[in-house]
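Structure, as structure tokens:
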Amino acid sequence: MTLVAGLRAAAYGVPFQPVGGVHGSDLAALNGWQKIRDPYGSGKEIYVIPAISPEVAVIHANEVDEEGNARVLGSPYWDHPLTRAAKRVLVTAERLAPAGTLAAQPELTLVPGFMVEAVAVVPRGAWPGSMHPLYEVDYPAVESYLRDEPGALEAHLAAAPERNRYG
Amino acid sequence: MSDWTPFSHIVVNLARQIRPGEIAFSGVNSTLAMLACLLAKRAYDFHFTYLNVAGGVEPVPAKIPHSSSDPALIAGSPAIFANEDFYDLCARGRLDLVFLGCAQVDGEGRTNVSVIGEWKSPKVRLPGGGGAAVMMPTAKRVVTWRTEHTTRTLVEKLDFVTAAGNLQTVVTPIAVFQKREGRLALEYRNPRAALDEVIRRTGFRFDASGAAPTAPITARERAALEALDPRGEFAAAVRA
């Protein structure tokens, strides 16, 4: 949540973002987070998190059109603050939407194309994670990736369903 | 004689913390808390609102996922109440009950999810709080749990304080602690564990006056648990 506060600061174009909580946590001293007293007189002390502006945000969408408009179904998790805070936005997507079709339901477009620098159509691109509502988490693939043994990473990369099954 | 297992003692006693009318939330890497919320929906007659980190509001999952952040937890949900929404809800004081995991908890109910050992040369680097530092002081009540009840998990002194604030309850395979006057006190113990055993396996000092054996699992709680875990896969993942 402090991470999101930092992203929000960047998205809002201000140097820091007040955030609830954090009191009593060692994370404040570790990260050098400052407290300020409410300038409007409530007497409350509020932590302020410095702006975080990623160089690049990469998100995976359900559909993208040639203009870069990206539609995300299900929960957006952190895609909204992330894409607003980043200096550049790249989108991968399950499929290419025919031109003009996203306008039928513009509220499903999470990022408008003018904010997007480049797109790639990558079916199964969230693997081994899930992509609602198309496919679920591939738990066996996650478990084999986590194995601490030689070749685990290479085997994971070689499985690459986004390339091998659709390439 | 009680037939509590480590698994059932944790899940059912987590579920028993939910009160009528509350808004309750379960987060990432919190399978047992997710099961507790789903159990309470089946076993108790009162209404409460269940939110989860996948963005679900009152979900009716067709199957129970292994991960508590699986999008299966938005099935049947009439709204997507995604991450920014539920964190903000908590920060403005509207989340009644938040289940937050931990690696270590101390006698004052503070938690460590950051590091074992020194920050700069850790023995184990943990996943981090995932919002715990914001949620624990701002939620009305926080409940945590540990599958391992030992002096290295329930400690006198934390290696690092990730979060502090409104932690009220700690549930383990053998005990339920509630905060009283700023310290965790023993409320219930699994009848299979003597008080001496709870004391020996707990790193912090605690008040045990008034502690009672955990009330037996009810028929409805047992039926709900069996419906959620028909093949015993979740139960098998909890070692005493």
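Before moving on, here are some points about what is shown:
- Residue, farthest from residue B:101 (Cα to Cα), within the stretch B:126-179, restricted to residues that are within 13 Å of chain A (Cβ to nearest Cβ), surrounded by fewer than 21 Cβ atoms within 10 Å (Cβ to Cβ) and free of Cβ contacts under 8 Å to residues at least 40 places away in the same chain: B:166
- Single match in B:197, B:187 (criterion: at pLDDT 95 or above, out of contact with any helix residue (DSSP H, G or I) (no Cβ under 8 Å at 6 or more places or on another chain) and either outside any helix (DSSP H, G or I) or crowded, with 18+ Cβ neighbours inside 10 Å (or both)): B:187
- Selection of first residues in the stretch B:183-198 that are farther than 22 Å from residue B:157 by Cα and of second residues that are buried (at least 20 other Cβ atoms within 10 Å of the Cβ) and small (Gly, Ala, Ser), restricted to Cβ pairs under 6 Å at least 6 apart or on distinct chains, gives the following pairs, ordered by first then second residue: B:189/B:175.
- Residue check, residue B:222 surrounded by fewer than 18 Cβ atoms within 10 Å (Cβ to Cβ) and either under 20 Å from residue B:28 (Cβ atoms) or not aliphatic (A, V, I, L, M) (or both): yes
- Single residue of A:73, A:102 found to be over 21 Å from residue A:161 (Cα atoms) and touching an Asp or Glu at 6+ places or on another chain (Cβ under 7 Å): A:102
- Residue match in the stretch A:111-119 (condition: under 13 Å from residue A:72 (Cα atoms) and more than 13 Å from chain B (Cβ to nearest Cβ)): yes
- Among the residues of the stretch A:34-75, those that are surrounded by fewer than 17 Cβ atoms within 10 Å (Cβ to Cβ) and either assigned to a loop (DSSP other than H, G, I, E, B) or at positive phi (or both) comprise A:38, A:39, A:40, A:41, A:42, A:43, A:44, A:53, A:54, A:55, A:66, A:67.
- Residue count for the stretch B:155-210, restricted to those that are under 17 Å from residue B:12 (Cβ atoms) and basic (Lys, Arg): 2
- For residue A:94, the stated conditions hold: it is away from every other protein chain (no Cβ under 13 Å), at pLDDT 95 or above and buried (at least 18 other Cβ atoms within 10 Å of the Cβ).
- All conditions but one from (1) of a type in the set (Phe, Trp, Tyr); (2) modelled with pLDDT of 95 or more; (3) buried (at least 17 other Cβ atoms within 10 Å of the Cβ) apply to residue A:78; the one that does not is (2).
- Any pair with Cβ under 7 angstrom, 6 or more apart, that starts in the stretch A:20-37 at a residue that is without any contact (Cβ under 8 Å) to a residue 40 or more places away in the chain and within 7 Å of chain B (Cβ to nearest Cβ) and ends at one that is surrounded by 12 or more Cβ atoms within 10 Å (Cβ to Cβ) and aromatic (Phe, Trp, Tyr): A:22/A:33; A:22/A:47; A:26/B:160; A:30/B:119
- In a residue-by-residue description of the stretch B:9-24, the property of being within 12 Å of chain A (Cβ to nearest Cβ) and closer than 30 Å to residue A:82 by Cα applies to no position.
- Residues located in the stretch A:143-154, provided they are out of contact with any helix residue (DSSP H, G or I) (no Cβ under 7 Å at 6 or more places or on another chain) and either among the small types (Gly, Ala, Ser) or assigned to a loop (DSSP other than H, G, I, E, B) (or both): A:147, A:148, A:149, A:150, A:151
- Scanning the stretch B:104-125 for residues that are more than 10 Å from chain A (Cβ to nearest Cβ), surrounded by fewer than 16 Cβ atoms within 10 Å (Cβ to Cβ), at positive phi and not in a loop (DSSP other than H, G, I, E, B) turns up at least one hit.
- The stretch A:15-33, residues that are under 28 Å from residue A:76 (Cα atoms) and surrounded by fewer than 12 Cβ atoms within 10 Å (Cβ to Cβ): A:15
- Taking the criterion of being within 14 Å of chain B (Cβ to nearest Cβ) and not hydrophobic (A, V, I, L, M, F, W, C), the residues of the stretch A:120-142 that qualify are A:128, A:129, A:130, A:132, A:133, A:135, A:136, A:138, A:139, A:140.
- Hits in the stretch B:126-150 - residues which are part of a loop (DSSP other than H, G, I, E, B) and of a type in the set (Val, Ile, Thr): B:147, B:150
- The listed residue being in contact with a strand residue (DSSP E or B) (Cβ under 7 Å, 6 or more places away or on another chain), farther than 23 Å from residue B:103 by Cβ and not in a helix (DSSP H, G or I), out of B:51, B:73: B:51
The values are calculated or read from the model by the stated rules, or taken from the named source; none is laboratory data. Quantities reported herein were computed from a predicted structural model and do not represent experimental measurements. Methodologically, a virtual Cβ is constructed for each residue, glycine included, from the backbone with ideal geometry; neighbour enumeration extends over all protein chains shown.
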